[in-house]
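Following: one structure in structure tokens, then a few remarks.
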Amino acid sequence: MALLKVHRTIGVRVGSVQVGGGAPVVVQSMTMTDTADAASTSRQCIELAQAGSEMVRVTVNLPEAAAAVPEIKARMLDAGVTAPLIGDFHYNGHLLLTRYPACAQALDKFRINPGNVGTGRRRDEQFSTICKVAVDNAKPVRIGVNGGSLNQELVVARMQENTDANLGRTSEEIINECMVLSAIQSTELALESGLRKDQIIISCKTSRPRDLIAVYRELSRQTDQPLHLGLTEAGMGTKGLVWSAAAMGVLLNDGIGDTIR
């Protein structure tokens, strides 16, 4: 029987867990609580870890949420749960991580969406700010590109190029290309900001299995950074389960993917 081909990636240490570098695929999950409620959020983190989640992610969207993160982490440790705690940041991560240093210290990884950290020149500045906080605290990051929140300047430029050159590409093809390009460019900026390659995980999430497969196959050709798999907006019903299983099953069978949600 032929052995499954595996896309070898760089290993990234997230707390006590290694992602990539030949390690088994890591399963992670995300809480559905108000992160500012440290008691309920830590309780759900503990339940997820006990159910088999090897890493747990919480949204950090408000000052109250950032302030609660150290207590959430402490409650998890008091319960004997060492699953890495990941902070999911959108729009204001650069502010929360600098104003709440204890939050940055307590988290094991930061998730950054390069499509909503700012616009124009501020985008790169604010993205770099988060990366530098990660450097100062020796934390890894996930550069999490999302098809629904791409840098519109990049998309418009590629659409115009397609029109001007009469390339005949579909909008879906251009969006997929922009997702990969955003991930690669953001990785380069993270490295310029001081992060090492063994501190960067990448994801590119879209809502259609066919697009997800195409994007990750291209990513695996262009980078050796570990890849996080997930289908955004798949939903919780049968359709969501089938779509997620179909897309991730194909990619994992290709040897692509180091962690899944």
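The values are calculated or read from the model by the stated rules, or taken from the named source; none is laboratory data. Please read all numbers here as calculations on a predicted model, not as lab measurements. Neighbour counts are summed over all protein chains in view; Cβ atoms, including those assigned to glycine, are modelled from backbone coordinates with ideal geometry.
Below are the figures for this structure:
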quantity	calculated
Positions within region 47-62 being within 21 Å of the chain's Cα centre (by Cα) and either of a type in the set (D, E, K, R) or part of a helix (DSSP H, G or I) (or both), in sequence order	LEU48, ALA49, GLU54, ARG57
Among (1) in contact with a strand residue (DSSP E or B) (Cβ under 9 Å, 6 or more places away or on another chain); (2) at pLDDT 95 or above; (3) within 27 Å of ALA38 (Cα to Cα) - the single one VAL145 does not satisfy	(3)
Hey, VAL215 touching a Leu at 6+ places or on another chain (Cβ under 6 Å) and under 19 Å from LEU150 (Cβ atoms) or not	no
Out of VAL250, VAL215, VAL180, sole residue that is part of a helix (DSSP H, G or I), modelled with pLDDT under 95 and β-branched (Val, Ile, Thr)	VAL250
Which numbered condition LEU195 misses (of (1) in contact with a helix residue (DSSP H, G or I) (Cβ under 6 Å, 6 or more places away or on another chain); (2) in a helix (DSSP H, G or I))	(2)
Test: residue in region 89-105 that is of a type outside the set (S, T, N, Q), in a strand (DSSP E or B) and surrounded by 18 or more Cβ atoms within 10 Å (Cβ to Cβ)	yes
Yes/no for THR82 being in a loop (DSSP other than H, G, I, E, B), at pLDDT 95 or above and crowded, with 21+ Cβ neighbours inside 10 Å	no
Matching residues in region 165-177 - criterion: being surrounded by fewer than 18 Cβ atoms within 10 Å (Cβ to Cβ), charged (D, E, K, R) and not in a loop (DSSP other than H, G, I, E, B)	GLU172, GLU173
Where a residue in region 198-212 is over 20 Å from SER171 (Cα atoms) and crowded, with 20+ Cβ neighbours inside 10 Å and its partner, wherever it lies, is among the small types (Gly, Ala, Ser) and modelled with pLDDT under 95, with Cβ under 8 Å and at least six apart	SER203/GLY230
Residue count for region 197-228, restricted to those that are within 16 Å of GLN18 (Cα to Cα) and in contact with a strand residue (DSSP E or B) (Cβ under 7 Å, 6 or more places away or on another chain)	9
Of all residues in region 25-53 being farther than 27 Å from ASN116 by Cβ and of a type outside the set (Gly, Ala, Ser), the one that is surrounded by the most Cβ atoms within 10 Å (Cβ to Cβ)	ILE46
Residue within region 211-231 that is of a type in the set (Gly, Ala, Ser) and in contact with a helix residue (DSSP H, G or I) (Cβ under 6 Å, 6 or more places away or on another chain) present	yes
